[in-house]
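Below you'll find the structure, written out as structure tokens, and then a few comments.
The values are calculated or read from the model by the stated rules, or taken from the named source; none is laboratory data. Quick caveat, the model's predicted, so the values are computed rather than measured. Cβ coordinates were reconstructed from backbone atoms using ideal geometry, including for glycine residues, and neighbour counts include every protein chain displayed. In case anyone asks, the SASA skips ligands and DNA or RNA and just uses the protein heavy atoms, side chains included. Shrake-Rupley method; radii C 1.70, N 1.55, O 1.52, S 1.80 Å.
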Amino acid sequence: MELNHASNELRDQRLIVCSACPALSEHTCKHCGCFVRFRASLQDKRCPLGKW
């Protein structure tokens with residue numbers, strides 16, 4: 001399985017949004033249970049709450 005990684009800039013922009021989100025619990029999303037840094041690093045993934 002090949003992963004399509006987002007650019008570092010896109011990942012960092014996404015993580016900034018996540019850091020201000022009340023659904024963030026340390027390193028995971030309370031809404032979907034994902035490891036936020038990993039999800040933000042994948043080009044084709046989206047925030048389950050539609051924030052990015």
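Structure notes:
- Built amide H within the under 5 Å cut-off of Thr28, gap 5+: Val36
- The 1.4 Å probe gives accessible areas that order Glu9, Glu26, largest first, as Glu26, Glu9.
- Prolate/oblate/rounded label for the chain (Cα gyration tensor, a/c 1.5): prolate
- To the nearest ten degrees, helix 8-19 and the longest principal axis of the Cα atoms of the chain are 10 degrees apart.
- Gained length - Lys51 relative to Cys21, 0.36 nm times residue gap less alpha-carbon distance: 9.9 nm
- Sorting Arg46, Arg14 on solvent-accessible area from highest to lowest, probe radius 1.4 Å, gives Arg46, Arg14.
- Dipole magnitude (debye, nearest 20) for the chain, charges at Cβ of Lys, Arg, Asp, Glu: 180
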